[in-house]
Amino acid sequence: KAYVGQLQEMQTTRIFAVNSRHPIIDAVLNHKYQTAKEHEIDFQFHVNDLSQISIGTDELVVLLSNLLDNAIEACCRLDACRVIQCSILFDRTLFLSVRNTSNPVTIVGNTIPTSKTPKDEHGFGLSRIQLILKQLNAEYTFVYENGWFEFVAELPSICE
């Protein structure tokens, strides 16, 4: 909650790049948009009215922040063609997709081994994402193809 509060305070001085009508989602997306912009990453959104979504604040922040931080980090490793495409659409179910340009990614089973050191202090973001999605009874998949990494999830009806 403190993190979201900080994001919302920062938004008062920044341009709103996206408005989904959900204050938590908007705070996270607008903050990550600003971060991407600072790293010369083309960040594209496709959202609709998400005002009825009722995922807990903690879960929502961890889910979106980890997915977008991973995408930003992958793009920063590239010299050119830095692109993130984020879709969050609600229509009976919640569809979430984060797609970004990336160097080749090795997927082992249902995980991606960390390339950071020390290894025992990194690589927890994806497992946290997967745990949250499992708790929400969501289906998800991720793939690397032709210079693009994509994470897609569909969450059952989660509305107020």
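The values are calculated or read from the model by the stated rules, or taken from the named source; none is laboratory data. Only a predicted model underlies this, so the values are computations on that prediction, with no experimental measurement involved. Cβ: placed from backbone, ideal geometry, glycine included. Neighbour counts: every protein chain shown. Surface accessibility is based on the protein's heavy atoms, side chains included, excluding ligands, DNA and RNA. Shrake-Rupley method; radii C 1.70, N 1.55, O 1.52, S 1.80 Å.
Values for this structure:
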item	result
Within the stretch 69-97, considering residues that are assigned to a strand (DSSP E or B) and open to solvent by 50 Å² or more (accessible area, probe 1.4 Å), the one farthest from Leu29 (Cα to Cα)	Asp91
Extreme residue, farthest from Glu154 (Cα to Cα), among residues of the stretch 31-49 that are surrounded by 20 or more Cβ atoms within 10 Å (Cβ to Cβ) and in contact with a Phe, Trp or Tyr (Cβ under 8 Å, 6 or more places away or on another chain)	Ala36
Candidate set from the stretch 134-160 (those that are surrounded by 14 or more Cβ atoms within 10 Å (Cβ to Cβ) and among the aliphatic types (A, V, I, L, M)); member that is modelled with the lowest pLDDT	Ile158
Filter result for the condition that a residue is over 18 Å from Ile132 (Cα atoms), acidic (Asp, Glu) and in contact with a Lys or Arg (Cβ under 6 Å, 6 or more places away or on another chain), over Asp91, Asp49, Asp79	Asp49
First in the stretch 49-68 and touching a residue at least 12 places away in the same chain (Cβ under 8 Å) and among the charged types (D, E, K, R), second anywhere and assigned to a helix (DSSP H, G or I) and surrounded by 17 or more Cβ atoms within 10 Å (Cβ to Cβ), Cβ under 7 Å, 6 or more apart	Glu59/Ile132
